[in-house]
Amino acid sequence: MKSLYRLWSSSLVSLAILLPCSCSREKLSEESVVESYLRTPAQTELDAWITREFSPYNLQVHYRWQKENLPSGSIAIPPKTDRVQLVLEAVKQLCLELYRLERAGGKDFLLGKGLIRITLLGGHELDATGVLMRLWYPQTASNELFIFDTNTFDPTDRKSVYRLMRSVHHQFARRLIEHIPYDRDAFLAIGAKAYGSLALPPSPREIYRRVGMSEYAHRRGFYTLYSMASPEDEFAELISVFLLHSAVELKRVEEIAARPISDQPGANEEAQEALRLIKEKRAFVERYFKQQVGISLSRLQLLSLKQLNAYYTQHQSK
């Protein structure tokens, strides 16, 4: 036992002698690991373009993957750099410049509306129930706007542009009603029975149908499926839909709503109720824009469609 103790003591002494020698041979880095992580990336031509184009709007743009800029639990895919400018050009031309037109809100309209940051994501996100989020990100702060599916954006594909702008207009509308509140109780009183359920499973093949118009929704007094989630979702959806669809397309929604689903008893009454809901909600949002926002929604719709057509022509959209 004594010999074992002597051996152990001898080993410790040897180790104590060797350690200073080993450390002296390896020079510690003088660079801070924390500073390395926080270092600002080198500025690129894309960064310069973003600064030039978005500084007048007092907007920050985040496209590099940084965990601290994303909500907890995010599965964010970084955007492809070659898609970033294409997406931002569409957002600027079809939303930001739209509201700043002299015949709309004027050049100072965006000031004081609270939107300070745009974050680009390469793919989609999932909410707590696993439903695909392509319209907005519930976990975000009120001053953020998230762009989904940057990596698949194609400016020559009308469906791709439509999906992008449905989300952008929806999110901007939500920010708008936070800064210029609407009468939620009065809006809810129009008809609150169908809120709380989304009718489609989270399948990528259903995405265009989900963010687009839905006859299923029309026959229940809504323009889109996502409108059925909550009053705030519906209010934002109404604005987003009006800015991307013509008066003829909106009239067709009323015609579908007014058409009985079957010849069963009560079907006519259900159709008339759906039509009432569609008309009263549209009139409510139009009054909100005229009285609270100070913009004619029908004029804004025409301006939006004009800019959208110019964008399609510019990119020879198919």
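Residue-wise test of (1) modelled with pLDDT of 95 or more; (2) surrounded by 10 or more Cβ atoms within 10 Å (Cβ to Cβ); (3) touching a helix residue (DSSP H, G or I) at 6+ places or on another chain (Cβ under 8 Å).
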| residue | (1), (2), (3) |
| --- | --- |
| LEU4 | no, no, no |
| SER32 | no, yes, no |
| THR40 | no, no, no |
| GLN85 | yes, yes, yes |
| GLY112 | no, no, yes |
Every residue from the stretch 234-261 that is without any contact (Cβ under 8 Å) to a residue 60 or more places away in the chain, in a helix (DSSP H, G or I) and either open to solvent by 10 Å² or more (accessible area, probe 1.4 Å) or aromatic (Phe, Trp, Tyr) (or both): PHE242, ALA247, VAL248, GLU249, LYS251, ARG252, GLU254, GLU255
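Tell me whether the stretch 264-272 contains one or more residues that are within 19 Å of LEU188 (Cα to Cα) and either modelled with pLDDT of 95 or more or open to solvent by 30 Å² or more (accessible area, probe 1.4 Å) (or both).
yes
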Contacts under 9 angstrom Cβ, first residue in the stretch 288-303 being exposed (fewer than 14 other Cβ atoms within 10 Å of the Cβ), partner at pLDDT 95 or above and among the charged types (D, E, K, R), 6 or more apart: SER298/GLU286
Close pairs (7 angstrom Cβ cut-off, 6 or more residues apart or separate chains): on the phi < 0 side of the Ramachandran plot and assigned to a helix (DSSP H, G or I) in the stretch 165-190, open to solvent by less than 10 Å² (accessible area, probe 1.4 Å) and among the charged types (D, E, K, R) anywhere: HIS170/GLU237; ILE190/LYS281
Top-ranked residue of the stretch 213-230 - restricted to ones that are under 22 Å from LEU164 (Cα atoms) and assigned to a helix (DSSP H, G or I), ranked as modelled with the lowest pLDDT: TYR226
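The values are calculated or read from the model by the stated rules, or taken from the named source; none is laboratory data. This structure is a prediction, so every number in the text was calculated from the model and none was measured. Every residue, glycine as well, gets a Cβ built from its backbone with ideal geometry; the counts of neighbours run over all protein chains shown. With ligands, DNA and RNA removed, areas are computed over all heavy atoms of the protein, side chains included. Shrake-Rupley method; radii C 1.70, N 1.55, O 1.52, S 1.80 Å.
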